[in-house]
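Trainee: This is the structure I want to talk about, given as structure tokens.
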Ligand SMILES: Nc1ncnc2c1ncn2[C@@H]1O[C@H](COP(=O)(O)OP(=O)(O)O)[C@@H](O)[C@H]1O
Ligand SMILES: C[C@@](O)(CCOP(=O)(O)O)CC(=O)O
């Protein structure tokens, strides 16, 4: 980066992130520079699949990337992606720097790159070919796609003078389930590399909304490049949601062009049930299915697609209306959003993009009356989402072996109003009942081979933990360092989240997860 540009950065990001002197608090054994972490969310489509307009939102399942530095005697850069059993080390001096920095080719960190350079891809090929030579072809493809993404971003943003380091990634996002796992990885890599070259300011409190958005945009641009390496022709929606968080409205009128994407900072953070069918699916296949049906029944299918588009519009109108309170949506606003979920699912079923497993999940959840459920993403498998009702409505044993069911709406109302006057103990009883229902549901879903997550919808985008130390006051002096060994040993979603300081909130009263020590660019807060 030219010195002139470096000096334009208000303060090096590293010294501003946590507001304390990180090196002073580190253990003696730590390597040259403090390790740090970045993290980015997956996404779900909330409304509008297959229609012209849709809404996608971030979820609290995330990828976490730990960047640890080695002593200068090493001249290597390593990838450790244990979720896919990928591990590879390159010699920094052997990477094709001359091609990436050739006159007229070199990209700046703030550039908008919309196509991959074939010369760059060709120059990387020998360094990609040596990755995982002895694994089956299908696995090798996945490894080499991840390696290409990393190398493309690394050679574009780092330099031959970059410090030796290890990039270790763990994710709580199921892979290939339509939840944007690849985009979250691209966002993590982009953010980490931009932070390392000090091309980002913050995140810090009081950062003006415009400045927040600029940092997010900078990360997003390179994340899109990463997505191009994995997907060839990505829509850009997944990386945009993952970088910025909350939700976006995206509109496609012309499928040959990228969609128009606009943030919805007012989307409320809501508790969400996510169930993975574990049924693999292909967006292309489902999109083709709808196209064929449309050819056979043009008027009918166009009406269905228009109706789905109207669902998106209705949700968007509500979310952006002046009376809407994103911090505490009224019961009627939530019911509006919930009803749209139910209608949207019905219309997707009529397009033929559901799957018996998705229908089974919806059936099991509908029996509990716990929320509003739809499939999410292209369909044909993948996941279902349920927006949970704010307070458990009257639920009682139905005696038919299905566990619990919803009472009629009149008794719901009387219970609601009673609850409003009642003490916390009654609320806590209803909360306990809700948890019981969720636990029973979990057993049923797991018995049928499904995977259930209690998460939060529409939370933060990319986040930074610099240094990778948690100050929880009861661990090693100066905080608990998240080192590679601990990171690799952490078991499952819970283990990873506990290690990186997430206090999961799915079952707390407030939906937002607490992420101790982490900082986020939050344009929606600075706007307030
Ligand atoms: N946890 C992970 N670790 C390493 N690479 C990952 C991980 N998750 C996703 N990827 C990369 O992203 C690709 C999955 O992308 P894709 O099939 O589009 O799934 P999704 O719909 O979840 O984004 C994988 O093949 C791999 O290259
Ligand atoms: C089916 C579609 O509406 C959404 C695709 O969802 P996903 O690939 O499952 O995240 C296609 C699109 O709008 O690009």
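Trainee: So for 99, 462, 237, 514, fewest C-beta neighbours within 10 Å to most, what's the order?
Mentor: 514, 99, 237, 462
Trainee: Would you please give the FRET efficiency between residue 89 and residue 448, computed as 1/(1 + (r/R0)^6) with r the Cβ-Cβ distance and R0 = 51 Å, to the nearest 0.05?
Mentor: Details: r = 42 Å, r/R0 = 0.83.
With a Förster radius of 51 Å, E is 0.75.
Trainee: So how far apart, in nm, are the two label points at residue 321 and residue 257 if each is 7 Å from Cα heading toward Cβ?
Mentor: Spacing of the two 7 Å Cα→Cβ label points: 3.1 nm.
Trainee: What is the extension gain from residue 138 to residue 76, computed as 0.36 nm multiplied by their sequence separation minus the C-alpha to C-alpha distance, in nm to one decimal?
Mentor: Contour length minus the Cα-Cα distance gives 19.6 nm.
Trainee: What list do you get for 238, 366, 111 if you sort them by fewest beta carbons within 10 Å? Don't skip to the end; give the middle numbers.
Mentor: Values: 238 26, 366 17, 111 13.
Least crowded to most crowded, the residues run 111, 366, 238.
Trainee: Between residue 310 and residue 233, what is the spin-label point distance in nm, taking each point 7 Å from the Cα along the Cα→C-beta axis?
Mentor: 3.2 nm
Trainee: Sticking with this one: Over its Cα atoms, what ratio of radius of gyration to 2.2 N^0.38 Å does region 99-229 give?
Mentor: 1.11
Trainee: Moving on. Label 7 Å along Cα→Cβ of residue 440; region 342-366 residues with amide nitrogen under 18 Å?
Mentor: Within reach of a label on residue 440, which here means backbone N under 18 Å from a point 7 Å along Cα→Cβ, region 342-366 contributes 361-366.
Trainee: How are the Cα pair distances of region 270-382 distributed, in percent, across 10 Å bins from 0?
Mentor: Percent of Cα pairs in each bin: 13, 39, 34, 14, 1.
Trainee: Once fully extended, how much extra length lies between residue 302 and residue 432, figured as 0.36 nm per residue of separation less the alpha-carbon to alpha-carbon distance?
Mentor: Numbers: separation 130, 0.36 × 130 = 46.80 nm, distance 4.49 nm.
Going from the current span to full extension adds 42.3 nm.
Trainee: OK, next. Counting other C-beta atoms within 10 Å, which of 521, 90 has the fewest, and how do the rest follow?
Mentor: Going from least to most buried by this count: 90, 521.
Trainee: Let me ask you something else. Separation between the residue 103 and residue 122 pseudo-spin-labels, each 7 Å from Cα along Cα→Cβ, expressed in nm?
Mentor: 1.9 nm
We did not get these values from a lab; they are worked out from the coordinates using the rules stated. From a predicted model like this one, the values you see are computed outputs, not experimental measurements. When we count neighbours, we look across all protein chains shown, and the Cβ atoms used for this are built from the backbone with ideal geometry, even at glycine.
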